[in-house]
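Let me begin by presenting the structure, written as structure tokens, before commenting on it.
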Amino acid sequence: MKKSVFLFFMVLFLASEVDGQTVIPVKENLQNEKTINLSEIASDIRFVPLETTDDCLLGGDCYIQYADGQIFVSSDLLYRFDGKTGKFLNKIGSKGQGPGEYTNSLRYTINPATKRVYVLQFKTMLEYDYEGNFLRTLPADNHNVGACCLLNDTQLVYANDSYNYTTENQADQLYTVDLQKGKIIGKIASPVDKKLRGALNLSSFDLFYRYNGQVCFKGSFQDEIYQIQSPKKKVPVYVLDRGFLKADYGKKNAEIDPRNRMKGIQIQNIFETDNYLLVSYTNEKNSYQGVFDKGEHSFVNAVDKNGKAGFTNDLTGGPSLIIFPFQVSPEGTIVNALNAGYLVEHRKDFEIGNPRLPSRKAEWDKVLDNLTEDSNPVIFLVTVKSGR
């Protein structure tokens, strides 16, 4: 009897497969914690302190992308920095309501093949070159403020994060734009639960990520992670099972009040490697760094020696690694940005004995020596291990 009960609970904690989708039991593993060193998932780490000048003073909340060896940061404006030195290169476009200007630059993506930057607005998409020159306007119908990503070198896919504002049972959620023809060439619809019609989610957001040459998407209201196979087709590959710990959207606009946000399990960001699916999420305003082992089909929450969410940085010492929201990483590299003031204040807390990468530790110490509380953020570029 005891053996049967034990096996029953083991099934709860392990992932299962339903209709070809791997179901990951997030809710059942909320209390399942493990100290995991960064060296278990990563082989290298670099530090890039972003140059601080009067022309590029960044705010506290930044949307960061690392692409084509360069770092793009959206704060009040969109900025470009050198990916090795952190040197400020230029601003991308300008803020305003005139031709070629954006009202915000939060949703953007980079095309390394053509060295173009695409900034999405509510109804249009603005194209710039790397030097920040405005080139043209492209359609982005029903975009609102959803995420976007390159599907390939000539196609861009974006999400309509208000697709649920409908009375229908399903609505178009994903749109693909042909960047050469300058028009929308594909739409992908999703079911709309009656409880979600007209609901507002300000606790998590639509997100895309790339793995193994494919683009994957998770909507803010959905548990499924989809692989986008073409402008008109998506296939579910994972289900993040939040159980009953989903936010209650019965009151349609409850999240306008910040006190009502971050209720239930809210997925913040996802990064996939050959061995792991890394899922950062919150529950009742507590942060978690989930780790799904693809080989063992197990899910656990990574914590450091102090019980805080994240991977313990045994490579160089430093803050524990967590996959922060609004930081977009290319395949094989996790991008993290840390506030300079926080790093200066907690420097003594980061010291460790016998770091695995002594030369990188020396670089890290040099970065800290040159930081002030008013410096721009430091970008961490973490190379993940490949292969099984």
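The values are calculated or read from the model by the stated rules, or taken from the named source; none is laboratory data. The structure presented is a predicted model; accordingly, all values stated were derived computationally and were not measured. Here the Cβ positions follow ideal geometry from the backbone for every residue, glycine too, while neighbour counts run over all protein chains shown. Ligands, DNA and RNA are excluded from the accessible area calculation, which covers all protein heavy atoms including side chains. Shrake-Rupley method; radii C 1.70, N 1.55, O 1.52, S 1.80 Å.
Side notes on the structure shown:
- Note on region 161-176: residues that are modelled with pLDDT under 95 and of a type in the set (Val, Ile, Thr) amount to 2.
- Scoring Ser105 on the criteria (1) of a type in the set (Ser, Thr, Tyr); (2) out of contact with any Gly (no Cβ under 8 Å at 6 or more places or on another chain); (3) in contact (Cβ under 8 Å) with a residue 24 or more places away in the chain leaves a single failure, condition (2).
- Summed over region 161-174, residues that are under 20 Å from the mean Cα position of the chain (by Cα) and either open to solvent by less than 10 Å² (accessible area, probe 1.4 Å) or more than 26 Å from Gly96 (Cβ to Cβ) (or both) total 2.
- Filter result for Phe324 (hydrophobic (A, V, I, L, M, F, W, C) and open to solvent by less than 30 Å² (accessible area, probe 1.4 Å)): no
- Those strands (runs of 3 or more DSSP E) of region 209-322 in which 3 or more residues are closer than 30 Å to Tyr342 by Cβ and at pLDDT 95 or above occupy 265-272, 276-283, 286-293, 298-303.
- Pick from region 93-127, criterion of a type in the set (Lys, Arg) and closer than 21 Å to Asn160 by Cα, ranking: surrounded by the most Cβ atoms within 10 Å (Cβ to Cβ): Arg107
- A count restricted to region 179-198 and to residues that are buried (at least 16 other Cβ atoms within 10 Å of the Cβ) and not in a helix (DSSP H, G or I) stands at 8.
- Residue count for region 122-153, restricted to those that are farther than 17 Å from Cys216 by Cα and either part of a strand (DSSP E or B) or modelled with pLDDT under 90 (or both): 20
- Filter result for Leu78 (open to solvent by 20 Å² or more (accessible area, probe 1.4 Å), under 28 Å from Gly318 (Cβ atoms) and of a type in the set (A, V, I, L, M)): no
- Looking only at region 268-297, residues that are open to solvent by less than 10 Å² (accessible area, probe 1.4 Å) and touching a Pro at 6+ places or on another chain (Cβ under 9 Å) come to 1 in all.
- Residues that are open to solvent by 20 Å² or more (accessible area, probe 1.4 Å) and at pLDDT 95 or above, drawn from region 348-366: Pro355, Arg356, Leu357, Pro358, Ser359, Arg360, Lys361, Ala362, Glu363, Asp365, Lys366
- Leu89 open to solvent by 30 Å² or more (accessible area, probe 1.4 Å), of a type in the set (A, V, I, L, M), part of a strand (DSSP E or B) and closer than 25 Å to Thr333 by Cα: yes
- Close pairs from region 32-43: first in contact (Cβ under 8 Å) with a residue 40 or more places away in the chain, partner open to solvent by 60 Å² or more (accessible area, probe 1.4 Å) and part of a helix (DSSP H, G or I), Cβ under 7 Å, at least 6 apart: Asn32/Phe13
- Scan of region 137-153 for residues that are within 22 Å of Gly98 (Cβ to Cβ) and open to solvent by less than 70 Å² (accessible area, probe 1.4 Å), ordered by number: Leu138, Pro139, Ala140, His143, Asn144, Val145
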